[in-house]
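Worksheet: one structure, shown below.
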Amino acid sequence: MHGIDMFIVISYLVAIPAFGFYFKRFIKTGQDYFLAGRMLPFWVISMSIIGTQIGATDFVGAAGGAYRFGIAQAHFEWIGALPAMMISALLFIPYYWKAGVYTVPEFLGKRYNLTVRIMLAILWVFWMIFFLGVLFWTAGLMLNEYLGLPIWLCLVATALIVGIYTITGGLAAVAMTDVIQTVVMFIGGIALSALGVWALGGWTPMVEKIIPTNPQHFHLFLPVDHDTYPWTGVLFGLAFVMSPAWWCCNQAMIQRALGARSEWDAKAGMVFAMFPKMLIPFVTVLPGLIALAMNPNLLGANMDKAFPWLIKNLLPTGLAGLVFASFMAALISSVDSILNSTATLLTRDIYQRLFVRDKPDKHYLDVGRILTLVFIILAIILAPLTKLFPGIFVAGATMLSLFQGPTFGITLLGIYWKRATRWGGMFGLIGGVICSSILFWGLHWKFLDIAWWSFMTSVILNIVISLLTPAEPVEKLKNLVYGLVMTGDE
Amino acid sequence: MAEWLANIPLYVPKIIAVLVFAGGMIWTWRRPKSFIYKDAPDHKRWRDLRIWITFVMICQIAVYLYF
């Protein structure tokens, strides 16, 4: 890496933790730490949501996917996100915010019972720990590749960069640094795409280079027998189940909105995040198509190297440093958010609920900080194992698709069907997870199809068992269920 | 796989996608103003979230019709 590029990257990696550390002075209570004192304005929430959602693996994976399948890869940012974000903003977030909860499992615990809360919290924490290991390993590899430092030093450097402000500043520091990281991410990504399209002579010449050998690359919907993205899976699995589950029930996404200063800010944070979300394919998918037009010879697993290939072969000095910094921004803004959300889930839903219930607020603030540190150390230990046992980590990351459908099923019925009971919710969740496990490990179904059928199983079980068990008292459901909150406004 | 499913032309999912976006847009305009503005510091036009959702959905309809 050239000296100028190195200077840009190192300046960036020093500036971010310094800026985040500034917010330590505002942290006095547990609510300050876990929910930024419920003072976040909508624009911070929007930027933080996008920063959290787009990780470095998205850059590499989406560009590789676009190289392989074409523009269909953009479904994940368009129909696989935008309608769900609208639903989340107007149908789910008002209830979470009104209930004054810290986590989504806490809300479902109030709506159903403690078993549902603990089960969901454990599932999310397990998935987040696996995901943290993968993210740390990606960060270590990137720093190792571009800065030439030994891998262990890169992992420790990542831990220091993220740990300094995540441990001290909590959600406020995470959200505020995410704002800067999202801007850097977009500047670097758009610069790369613009330069690539310009080098090819414009959009039309690029399309004309790709179409003769890849006629389906500019079709959003692919045939029903397509291996990865059949249109049935995209619509029924991704758009109707997986994306609402991600945007309405994922703690890392929702926690920002729970820290909003008002209900309007909570809703607006998600709505205004739809704008950058709509543009993300220009940052992640378009580079894959540019790489295909420039070099159609990347085959097999090498297709995932489309993005790194573009950085190495297209960018001039200075811009390479900026794009690499945007790559790191995408990664760090995901790591810090997942660390913060994991600590929140474990502190609020497990430690405070099951083990130590009546300590002063300061105690839980300290526990949150200690747990964040523990997760950082755990991520450093797990990171090299992703290389040694890739199958375990792929399975761990895939685990999300196993419980997302059932989670969305019980949340949807929990808010919009007064008759759903604690037993219906519990067996809906357990039955849905069992169904998706059988489909995944037993029948080897595609994850998009699993999401749909596990969601349907969960909903049907919830309805049947709820109708067979006594209804929940109205007092318990106040402020949690449609029709029993915000009277006259719904 | 069922043969009837494989024979469905690819403009059908395109129509479904457009209906999803258009339906979402229409649904937001059926939300009462009091709900949209709830807790907002003022009732300025730009705070009406339905306008922004409509803009995004129209862009998406255009994209899904183009590709």
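The values are calculated or read from the model by the stated rules, or taken from the named source; none is laboratory data. Predicted model only: the values in this text are computed from it and were never measured. A quick note on method: Cβ atoms are made from the backbone with ideal geometry, for glycine too, and the neighbour counts reach across all protein chains shown. These accessible areas exclude ligands, DNA and RNA; they are computed on the full protein's heavy atoms, side chains included. Shrake-Rupley method; radii C 1.70, N 1.55, O 1.52, S 1.80 Å.
Which lysines, if any, have their Cα less than 27 Å from the Cα of B:Lys44, not counting same-chain residues under 8 positions apart?
A:Lys98, A:Lys267, A:Lys277, B:Lys33
Can you tell me the length gained on complete extension of the stretch A:Leu160 to A:Trp198, counting 0.36 nm per residue apart and subtracting the Cα distance?
9.8 nm
Per residue of B:31-37, what is the mean number of Cβ atoms on other protein chains within 10 angstrom of that residue's Cβ?
That works out to 4 on average.
In whole Å, what is the distance between the alpha-carbon centres of region A:252-297 and region A:80-145?
Answer, in whole Å: 17.
So if I average 1/r over every pair of distinct C-alpha atoms in chain A and take the inverse, what Kirkwood radius in Å does that give?
23.0 Å
Taking the Cα-to-Cβ direction at A:Leu153 and at A:Asp361 and moving 7 Å from each Cα, how far apart do the two end points lie in nm?
Result for the modelled spin labels: 4.4 nm.
At 1.4 Å probe size, with every protein chain present, just tell me what the per residue accessible area of chain A comes to in Å².
Per residue, chain A has an accessible area of 35 Å².
When N is the residue count of region A:136-274, what does its C-alpha Rg come to as a fraction of 2.2 N^0.38 Å?
Compared with the compact-globule rule of thumb, region A:136-274 sits at 1.43.
With the Cα gyration tensor of region A:285-388 giving a ≥ b ≥ c as the square roots of its eigenvalues, does the rule (a/c under 1.5 for rounded; else a/b larger than b/c for prolate; else oblate) give rounded, prolate or oblate?
prolate
Can you tell me the convex hull volume per residue for region A:255-331, based on C-alpha atoms, in Å³ to the nearest whole number?
124 Å³
Over the alpha-carbon set of region A:40-170, work out the extent along each principal axis and list the three values in angstrom, largest first.
On the principal axes, region A:40-170 reaches 51, 39, 31 Å in Cα extent.
Can you give me the distance in nm between label points at A:Arg25 and B:Asp39, each placed 7 Å from the Cα along the Cα-to-Cβ direction?
In this crude label model, A:Arg25 to B:Asp39 measures out at 2.8 nm.
What helices in chain A pass both tests, a Cα length along the helix axis of 24 Å or more and a mean Kyte hydropathy of -0.5 or higher, using whole DSSP H runs?
Helix filter hits for chain A: A:3-21, A:114-147, A:151-199, A:319-345, A:361-388, A:390-416, A:447-468.
Taking chain B as the reference, fit the longest principal axis to its C-alpha atoms, fit the long axis of helix B:11-29 to the helix C-alpha atoms, and give the angle between the two in degrees, 0 to 90, nearest 10.
Around 10 degrees separate the two axes.
Report, in debye and to the nearest 20, how large the dipole of the protein assembly as shown comes out about its Cα centre when Lys and Arg carry +1 and Asp and Glu carry -1 on their Cβ.
Taking the Cα centre of the protein assembly as shown as origin, the dipole is about 1280 debye.
Give me the summed buried accessible area for the B-A pair, 1.4 Å probe, to the nearest 100 Å².
In total, this chain pair buries about 3500 Å².
Could I have the simple spin-label model distance between A:Leu378 and A:Ile430, label points 7 Å from Cα toward Cβ, reported in nm to one decimal?
Taking the two extended label points, one gets 2.5 nm.
I'd like to know which of A:Phe26, A:Ile79, A:Gly51 lies farthest towards the positive end of the charge dipole of region A:2-79, counting +1 on Cβ of Lys and Arg and -1 on Cβ of Asp and Glu.
About the Cα centre, the residue reaching furthest to the positive side is A:Phe26.
Carbon and sulfur: what percent of chain A's accessible surface (1.4 Å probe)?
Accessible surface attributable to carbon and sulfur in chain A totals 71 percent.
Going Cα to Cα from A:Lys28, which aspartates and glutamates come in below 17 Å? Please leave out same-chain ones fewer than 8 positions away.
A:Asp361, A:Asp366
Determine how many Å³ per residue the convex hull of the Cα atoms of chain B encloses.
Hull volume normalised by residue count: 104 Å³.
Sequence neighbours fewer than 8 away in the same chain don't count; with that in mind, list the lysines whose C-alpha is under 23 Å from A:Lys24.
A:Lys359, A:Lys362
On a 0 to 90° scale, report how tilted helix B:49-66 is relative to the longest principal axis of chain B, with both axes built from alpha carbons and the result rounded to the nearest 10.
Orientation of helix B:49-66: about 20 degrees from the principal axis.
From the residues A:Val481, A:Phe272, A:Gly318, which one has its Cα farthest along the dipole of chain A in the positive direction, the dipole being from +1 and -1 charges on Cβ of Lys/Arg and Asp/Glu about the Cα centre?
Most positive-ward Cα: A:Val481.
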